[in-house]
Every structure is written in C-alpha cells, then in structure tokens.
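The values are calculated or read from the model by the stated rules, or taken from the named source; none is laboratory data. Predicted model, so just to flag it, every value in this text is computed and none were measured. Methodologically, a virtual Cβ is constructed for each residue, glycine included, from the backbone with ideal geometry; neighbour enumeration extends over all protein chains shown. Surface accessibility is based on the protein's heavy atoms, side chains included, excluding ligands, DNA and RNA. Shrake-Rupley method; radii C 1.70, N 1.55, O 1.52, S 1.80 Å.
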Amino acid sequence: MTQNLSFKDKCKVYLAQWLVKWGKLTHDDFTKSELHDLVKGSFPYSFTFDIPMGTGTVTVLEGNITLDSESNRIGLQCLSALNIVVATTTIYRAHVVFTVSASPYYDKNMSTLYLTDVTTDSVTLVNDDYALIKDTQFLMSRFFPKSVNTLLGGSLKSALSLFSAGTSDIAADYLQVYLSGSKQAVLDYHIPLINSAIKKQIKQEDLSHTMRNDHWREVLFSKAGQNVRVEDDVLRFYLIE
C-alpha cells in the first residue's frame with residue numbers, strides 16, 4: 001500500500017511502525033483544522049424541501065468542525081441561507097446556523113472511518129442584513145385578488161377566512177404563519193421541514209473515509225489502526241502492532 005508514497009514518506013511509515021511495535025507510538029491525532037481540510041471542498045451546496053404553495057431552499061455556505069470529547073461526537077456547524085419562494089416570489093429569507101453531529105466508527109478490516117448515529121442538534125436564526133420577511137400588505141396584494149383586497153380593506157386575516165376546504169385551507173394556514181411579522185416564528189414553523197430535508201440529504205451522502213494510499217499517516221493507520229475516538233479536542237486514531 002506504500003507504492004504511492006514518496007521515498008521520504010515510505011521511511012516515515014517504516015519508522016512509525018517500529019515505534020508502534022516498541023510501544024513508543026500509541027496514537028495519531030487529527031486536529032479540527034486538518035479535518036476541516038477534508039470537508040471544505042463540499043461547500044457551498046444546496047437542498048430543497050416542499051412547503052404549501054412553494055419551495056424552501058437551504059444553501060450551505062460554509063461549515064466548521066466541532067469535537068465533543070465527552071460524548072465522542074464529531075459535529076459540523078453550518079452557516080446557511082434559507083429562502084422561501086412562493087409563486088416565484090421570495091417571501092422569507094434568513095441566514096441560519098444548523099449543527100449536525102455523528103459518532104466515529106473505524107472498521108479496521110475495511111480501513112475505513114464511518115460516521116454513525118447522525119443527528120441534527122440545532123437550527124438557529126442569525127439576525128443580520130440578509131434577513132427578509134414580506135409584510136402582510138405585500139402578501140395580500142401578491143396572493144389574493146384585488147377585489148378581495150379592496151373589499152376587506154387590506155386585511156390578510158380576513159382574506160384567509162374566505163378560504164374553504166382542501167388545498168386552500170393548507171395555503172391559508174401557511175400564510176397565517178407570516179401574520180406576526182416575526183422572523184423567528186417563521187423559522188420555527190420551518191424547522192421540522194428543514195430537519196427532515198437534512199436527514200434526507202444525509203442519507204444520500206457517503207459518510208465514510210477510506211484511508212488514502214498517498215498519505216503516509218493514513219497508510220500507517222491502515223496497517224496498525226485499531227480504533228478512533230474524539231478525545232482532548234482531537235480525533236484520535238489508536239495504533240497497535
């Protein structure tokens with residue numbers, strides 16, 4: 001497996017194997033910065049979810065690795081742009097930070113690190129200049145006939161009451177979420193939808209990393225690696241001859 005290494009790196013693997021055999025080298029640590037280098041090429045990326053009358057889009061702009069030694073969890077804290085579009089019109093947008101985490105598991109027979117038990121830990125609104133929520137008068141003029149708008153004196157709540165059964169009720173209930181004008185309230189409504197979309201996205205991803213044969217530290221671990229844990233704010237790879 002060392003054929004893709006330089007002569008210098010082959011020497012490093014050879015020496016490290018002897019250090020492991022003598023009990024002088026018991027583990028190798030990967031820092032958050034090193035782990036970040038493995039994932040930074042994945043950004044930005046987007047995924048969508050359905051809402052009544054339209055579509056929500058989450059664009060993940062960047063992500064930072066977090067490590068929880070106590071719980072043996074690797075996390076990814078993501079800054080994302082959330083956009084809600086109804087009838088080709090953006091009626092809500094916000095920056096949100098969401099965090100997902102997983103437990104590391106190393107299969108020494110496959111020389112592969114897997115991330116298991118993935119969960120969404122939090123979704124938080126960022127109050128900044130990017131935030132937007134259309135007011136009730138805009139929603140009234142955009143989504144209801146002018147005759148209804150005039151008849152009801154611009155009251156969105158009254159217009160919603162005109163809807164009857166079926167999809168109209170669903171649309172009315174959805175637009176009711178915007179009546180308070182609260183960006184947080186609108187986000188709270190969408191959080192379950194965002195969580196479901198994140199889970200769906202995760203299922204489509206390959207959450208594993210096979211030790212590469214052109215990186216000497218990973219070649220060493222493929223030969224002598226036994227276990228992986230989050231400890232002392234690093235991802236620690238345990239070695240044994």
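The figures follow:
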item	result
Label point distance in nm, PHE7-SER180, each placed 7 Å from Cα along Cα→Cβ	7.0 nm
Accessible-area ranking of TYR114, TYR92, largest first, probe 1.4 Å	TYR114, TYR92
Accessible-area ranking of HIS27, HIS95, largest first, probe 1.4 Å	HIS27, HIS95
Helix-only CD estimate at 222 nm, as mean residue ellipticity for the chain, using -39500 (n - 2.57) per DSSP H run (n ≥ 4)	-10000 deg cm²/dmol
Solvent-accessible surface (1.4 angstrom probe) belonging to VAL100, in square angstrom, nearest 10	20 Å²
Carbon/sulfur fraction of accessible area - the stretch 1-96, other protein chains in place, 1.4 Å, %	53 percent
Cβ-Cβ FRET estimate between ALA87 and SER208, R0 fixed at 41 Å, reported to 0.05	0.50
Label-reachable residues, the stretch 85-121, where backbone N falls under 14 Å from a point 7 Å from PHE138's Cα toward its Cβ	85-94
Net dipole in debye of the chain [+1 Lys, Arg Cβ; -1 Asp, Glu Cβ; about Cα centre; nearest 20]	400 debye
Cα-based shape type of the chain, given that a ≥ b ≥ c are square roots of the gyration tensor eigenvalues and the cut on a/c is 1.5	prolate
Listed peptides 32-40, 192-200 by packing density, highest first (mean Cβ within 10 Å)	192-200, 32-40
FRET efficiency, LEU19 to ASP117 (Cβ-Cβ, R0 35 Å, nearest 0.05)	0.60
Set of aspartates and glutamates with alpha-carbon distance to LYS8 below 13 Å, sequence-local pairs under 8 removed	ASP214
